1. With the condition kept exactly as written, say whether any residue in the stretch 27-38 is of a type outside the set (D, E, K, R), at pLDDT below 70 and loosely packed, with under 14 Cβ neighbours inside 10 Å.
2. Is the stretch 45-68 home to any residue that is of a type in the set (A, V, I, L, M), under 22 Å from Met126 (Cβ atoms), at pLDDT 80 or above and part of a helix (DSSP H, G or I)?
3. In the set Ala141, Ala133, which member is modelled with pLDDT of 80 or more, part of a helix (DSSP H, G or I), crowded, with 16+ Cβ neighbours inside 10 Å and outside the structural domain of Gln54 (by TED's automatic domain parsing)?
4. Tell me yes or no: at least one residue of the stretch 80-95 is over 28 Å from the mean Cα position of the chain (by Cα) and either among the acidic types (Asp, Glu) or at pLDDT below 65 (or both).
5. So which of Leu98, Leu122 ends up being closer than 19 Å to Arg48 by Cα, surrounded by 14 or more Cβ atoms within 10 Å (Cβ to Cβ) and modelled with pLDDT under 80?
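The values are calculated or read from the model by the stated rules, or taken from the named source; none is laboratory data. Not measured: the values here are computed from a predicted model. In this analysis, Cβ positions are derived from the backbone assuming ideal geometry, glycine residues included, and neighbour counts consider all displayed protein chains.
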Amino acid sequence: MKQKRKKANIAPRSRLKEAMLGLTFLLSVVFAAASVCFAAAHYRMRTRCTAAIQGNNTHFQVDSGGRRKKLDESSVVIDFQTDGVFPSGGIKTDDPELMKKESVTLYYDPQNPDFYYFEGALSDTMTFIIFFAVLSAGELAFGLLLCKVYLSSLRREK
């Protein structure tokens, strides 16, 4: 009787350990997939947006009546002169990095000027790519360590 109880107690613990291992490796795959998704978006932006124009920082926005309206300190308008493709005017943003710069480069798709990004946006996506890649590698290493501990505990039980 006692041996049956022991085996019954070992089985749920073993399943729990196996579930933890599975979850660890699943999280590693999810983090790797997130890194790949950000890398694909990064590549798409770089290859699609080939034209560039310069813009100047200003804390004013022109309203529909043509009057300049002062913005609060938490946002900024980047004024662009048209290059014949990208429409002239201002783009309001609250990006703190763009607020510090005097001049900003905007990259856009010549076929679709509505698809654009500012020069600092790609470094942000690169940060996410690296973050999720490191997180995936760390989770994978943790999973391998857990696997080693689990296998050694199985050897000791035999």
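1. No - not one qualifying residue is present in the stretch 27-38.
2. yes
3. Answer to the selection: Ala133.
4. yes
5. Leu122
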